[in-house]
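The values are calculated or read from the model by the stated rules, or taken from the named source; none is laboratory data. Keep in mind the model is a prediction, meaning the values are calculated, not measured. Because the Cβ atoms are built from the backbone with ideal geometry, glycine has one as well, and the counts that use them run over all protein chains shown. Ligands, DNA and RNA are excluded from the accessible area calculation, which covers all protein heavy atoms including side chains. Shrake-Rupley method; radii C 1.70, N 1.55, O 1.52, S 1.80 Å.
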Amino acid sequence: MVTLPATVYSQQMVKKKLNVYYPVVYLTNQAVQHSMNSKILQRTNELIRQQGYGENPDTEETGYYELKTNERNVFSLTLVNFAYSGGAHGLTVVVPLTFNVLTGKTYQLKDLFKKDSNYVSILSKIARYYGSWRI
């Protein structure tokens, strides 16, 4: 049986014209658990505000999350938020969050590569290559 570093449950935030799911993480280390959950909830609330909920009474928002990895003491997810305020189309925002489950540290993309590795150029080439494929 595989033991994952984090156990995850969904929490739902429901208000008028708002329906957002976000993860709640359970760990053996309570301090790290609290730190990670605080950061996740803070970023979820920032997304909701950034997309105009509360400012524009016509704004409707829905949100969910996707787990990307939960292994080797790394927990990574994306928060996906869709807002519609009228007009032709809405706006979807996707925000990644990656944590070390032993320390609660939040990783940025640069933290996942060796210093001076020129990762931006390499990833850009890969994205251009795969972005040019046509089905």
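Looking at (1) open to solvent by 70 Å² or more (accessible area, probe 1.4 Å); (2) at pLDDT 90 or above, which is the one condition that is false for Tyr129?
In the conditions (1) open to solvent by 70 Å² or more (accessible area, probe 1.4 Å); (2) at pLDDT 90 or above, Tyr129 misses (2) alone.
Out of (1) surrounded by fewer than 15 Cβ atoms within 10 Å (Cβ to Cβ); (2) outside any strand (DSSP E or B), the odd one out for Leu67 is which?
(2)
Restricting attention to the stretch 90-126, which residues are assigned to a helix (DSSP H, G or I), open to solvent by 60 Å² or more (accessible area, probe 1.4 Å) and not aliphatic (A, V, I, L, M)?
Lys110, Asp111, Lys125
I'd like the full set of residues that are part of a loop (DSSP other than H, G, I, E, B), surrounded by 13 or more Cβ atoms within 10 Å (Cβ to Cβ) and at negative phi, limited to the stretch 13-49.
Leu27, Asn29
So Gly87 clears everything in (1) free of Cβ contacts under 8 Å to residues at least 24 places away in the same chain; (2) crowded, with 17+ Cβ neighbours inside 10 Å except one condition, right? Which one?
Condition (2) is where Gly87 drops out.
If Gly52 meets every condition in (1) in contact (Cβ under 8 Å) with a residue 40 or more places away in the chain; (2) surrounded by 15 or more Cβ atoms within 10 Å (Cβ to Cβ) apart from one, which number is that one?
With (1) in contact (Cβ under 8 Å) with a residue 40 or more places away in the chain; (2) surrounded by 15 or more Cβ atoms within 10 Å (Cβ to Cβ) applied to Gly52, the lone miss is (1).
Report, by residue number, each residue of the stretch 98-131 that is more than 21 Å from Ser76 (Cα to Cα) and either under 23 Å from the mean Cα position of the chain (by Cα) or not hydroxyl-bearing (Ser, Thr, Tyr) (or both).
Lys115, Asp116, Asn118, Ile122, Ser124, Lys125, Ile126, Arg128, Gly131
May I ask you to say which residue of Asn37, Asn19, Asn29 is in contact with a Gly (Cβ under 9 Å, 6 or more places away or on another chain), in contact (Cβ under 8 Å) with a residue 12 or more places away in the chain and more than 17 Å from Glu66 (Cβ to Cβ)?
Asn29
Only one of Leu27, Leu67 is under 12 Å from the mean Cα position of the chain (by Cα) and at pLDDT 95 or above; which?
That would be Leu67, the only listed residue that is under 12 Å from the mean Cα position of the chain (by Cα) and at pLDDT 95 or above.
Mind counting the residues in the stretch 71-94 that are closer than 19 Å to Val25 by Cα and either among the acidic types (Asp, Glu) or modelled with pLDDT under 95 (or both)?
Counting residues in the stretch 71-94 that are closer than 19 Å to Val25 by Cα and either among the acidic types (Asp, Glu) or modelled with pLDDT under 95 (or both) gives 4.
Determine, yes or no, whether Phe113 is aromatic (Phe, Trp, Tyr) and farther than 13 Å from Pro5 by Cβ.
In short, yes.
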